[in-house]
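See below for the structure under consideration.
The values are calculated or read from the model by the stated rules, or taken from the named source; none is laboratory data. Predicted model only: the values in this text are computed from it and were never measured. For neighbour counting, all protein chains shown are included, and Cβ atoms are generated from backbone atoms with ideal geometry for every residue, glycine included.
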């Protein structure tokens, strides 16, 4: 396919060049090879069914034809060199384009990725991971708050019961002390009675 395109390209350039050269030759007053052949044949003498052409005209026509062929060969070579240069330039452009595309892909990948723990991660995955971590931390915080409130409530209840128990104990101790004092007084009264009864006897 590439060879066909190249051949078509060379043929097109060759055709354009020949047409341009012929047009330029006509404009400059010179004649094309085809015109020179026609003129030589038409200017030849007739001898029976043959055309007799002067040797000088034939030599001039041959020289002009060789000169034109040489010129066309040089033009073809020049065009081939230009085609090779254009192909090399196109190859370089293609290579540069491929390199640019790779750099663009790398840039897009870097733009759409985030470095997390030394590895590239897509932004969508990164956001999902971050929101998952935040969700877990938030859940842990709510659980901690619940446990704290629950512990605080239990602590308050225990403190209240402790205070209530201490109050009851203090009440019991006070009553016991009063009872002990009362019994002590009663005992003393009984002793006094015994002593008084002993003196009376």
Exercise. Between a first residue in the range 132-153 that is loosely packed, with under 10 Cβ neighbours inside 10 Å and a second residue that is modelled with pLDDT under 90 and assigned to a helix (DSSP H, G or I), which pairs have beta carbons less than 7 Å apart while being 6 or more apart in sequence or on different chains?
Worked result: none
Exercise. Which pairs have Cβ atoms under 8 Å, sit 6 or more apart or on different chains, and link a residue in the range 83-96 that is loosely packed, with under 10 Cβ neighbours inside 10 Å to one that is not in a helix (DSSP H, G or I)?
Worked result: none
Problem set entry | Matching residues in the range 50-63 - criterion: being at pLDDT 75 or above, surrounded by fewer than 12 Cβ atoms within 10 Å (Cβ to Cβ) and farther than 24 Å from residue 75 by Cβ | 55, 56, 59
Seminar exercise, completed: Of (1) surrounded by 10 or more Cβ atoms within 10 Å (Cβ to Cβ); (2) without any contact (Cβ under 8 Å) to a residue 40 or more places away in the chain, residue 34 fails just (1)
